[in-house]
Amino acid sequence: MRPPYPPSPERSAELRRRFAEEARSERPDLSTLCLLVGAEADGALDEAGMDAAQVELDRLAGLLPYRPGGPRAWAVAVRELLGDRLGFHGAPADYQRLESSLLHEVLVRRRGLPILLSVVWMEVARRAGAPVYGVALPGHFVVGFGPDEGQVLADPFDGGRV
């Protein structure tokens, strides 16, 4: 990856305005927020690049089976697609790389920090209709499927280990 450079001051102001507007909306879109942060960190990420990232999330969601079943079946289906088949995971060295914190780069590299990999897992699963949400653990972040009483956790950093 080439070293990222910041956007112009005008572009930065527009990105920050859009981020604030999205964050204040009734139902903020997580992928949009992450991509706006990415565009602020990497001036090369333009509107076409943000659209391409959204399209990739849609494409990945379309690869999941239709309503695979309960929480465990959803967790396994997402793990089989994103972790096993497509190789999304993390490694200790990823903590030292800026691109591991940028959604558009995580989608290309298929490597990232636990929270950004969890964003990929959640956005793909949500678009496919899964009951999914993020779960903050001490020093880590994972994805939960299903209600509290039947919750199944998956660790995207570990390839989606259920």
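Side notes on the structure shown:
- A helix-only calculation puts the chain at -14000 deg cm²/dmol for mean residue ellipticity at 222 nm, using -39500 (n - 2.57) for each DSSP H run of at least four residues, averaged over all residues.
- Dipole of region 9-158, positive end: most advanced residue of Y66, A125, V106 [Cβ charges, Cα centre]: Y66
- The alpha carbon centroids of region 96-162 and region 1-35 are separated by 21 Å.
- Vicinal HN-Hα couplings computed from phi for region 65-70 (Karplus, 6.51 cos²θ - 1.76 cosθ + 1.60; Hz; Gly/Pro x): x, 6, 6, x, x, x
- Each distinct pair of alpha carbons in region 9-158 adds a 1/r term; the inverse of their mean, the Kirkwood radius, is 15.8 Å.
- Computed about its Cα centre, the charge dipole of the chain is approximately 340 debye, with only Lys, Arg, Asp and Glu carrying charge at their Cβ.
- Fraction of accessible area attributable to carbon and sulfur, region 9-158 (%, probe 1.4 Å): 55 percent
The values are calculated or read from the model by the stated rules, or taken from the named source; none is laboratory data. Model, not experiment: these values are computed from the prediction. A quick note on method: Cβ atoms are made from the backbone with ideal geometry, for glycine too, and the neighbour counts reach across all protein chains shown. Ligands, DNA and RNA are excluded from the accessible area calculation, which covers all protein heavy atoms including side chains. Shrake-Rupley method; radii C 1.70, N 1.55, O 1.52, S 1.80 Å.
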